[in-house]
Amino acid sequence: MKRIIVCILVGITFFACKDEEQGKRIPKKENQAEYFEKNKLNVPKKGALKSLTATQKKLVQDWLEFKTVHESMKLINNTTRFSITEDLGQLAANIEEVDKKKFPKELDVMQIRSRFLVLKTKALKLQDDATDESISNDFIEQEIVEMNNVFHSVCYQVEQATLLNMEPEEILGDLFKSDSTEVEKIDRKTAPIPKRNMVPTKRSTKRFKKTKTENN
């Protein structure tokens with residue numbers, strides 16, 4: 001009888017502890033969600049990372065290292081306070097890889113290399129700042145905006161450097177051909193009609209002879 005009573009008490013205690021543990025887990029999950037939301041970084045729309053233009057995409061389509069840096073920038077623009085230090089470290093490592101690898105011939109210019117270096121420096125500085133709890137999320141968000149501006153500058157210099165060494169049809173392909181055809185049609189319509197060369201006629205220098213009228 002005593003054994004039965006002891007077993008019942010043990011069972012009641014076990015289920016009571018289990019219910020209490022579940023009760024503790026629910027608010028813990030809620031607090032975790034709130035904590036994540038609180039530490040989510042929201043980059044201002046005006047300073048958000050812009051998409052590559054059609055021309056820029058075509059120019060870097062075979063440049064793998066550039067694409068890797070671009071993906072890292074996308075990740076940083078959608079990160080949280082928890083993971084930003086790791087994401088920034090990865091970005092810096094990817095930029096180092098860009099510097100180690102051979103640049104595409106047309107893009108191996110100082111304007112592009114220097115801007116990649118600036119981007120790497122900003123990433124490492126922000127990585128250090130993000131570990132400081134006294135640094136606000138607003139500050140980090142503004143620094144991400146600055147990094148976006150530097151990356152946009154890299155993209156602009158990529159386009160400018162290539163334009164100096166490529167014909168328009170090499171960059172735009174079929175788009176250029178269709179546009180140039182339309183321009184040619186317009187030029188034909190608006191072109192002035194050429195004047196015909198008129199051969200001047202010679203005036204006769206002979207004088208007409210006067211004829212005498214006969215009297216009837």
Sum of side-chain charges, K122 neighbourhood, beta-carbon under 12 Å (Lys, Arg +1; Asp, Glu -1): -1
Solvent-free Debye scattering, log10 I(q)/I(0), computed from the Cα coordinates of the range 45-170 at q = 0.14, 0.23 Å⁻¹: -0.60, -1.41
Filter on K40/K101; K38/K100; K38/K58; K50/K122 - keep pairs with C-alpha separation over 30 Å: K40/K101; K38/K100; K38/K58
Rounded Å value of the spacing that divides the Cα centres of the range 74-149 and the range 39-73: 12 Å
Segment Q160-D128, length gained on full extension (0.36 nm per residue, minus Cα span): 8.2 nm
Efficiency of FRET between V145 and D62 - r from beta-carbon atoms, R0 25 angstrom, step 0.05: 0.25
Selected from N137, Q56, V154, residue furthest toward positive end of dipole (the range 45-170; charges at beta carbon): Q56
Net charge over other residues, Cβ less than 11 angstrom from the Cβ of T85 (K, R count +1; D, E count -1): -4
Distance between modelled label sites at K101 and F82, nm, 7 Å Cα→Cβ extension: 3.1 nm
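Every read-out reported here was derived from the displayed coordinates using simple, explicitly stated rules and does not represent laboratory data. For clarity, every value in this text was computed on a predicted model and none was experimentally measured. Quick reminder, even Gly has a Cβ in these numbers, built from the backbone with ideal geometry, and neighbours come from all protein chains shown.
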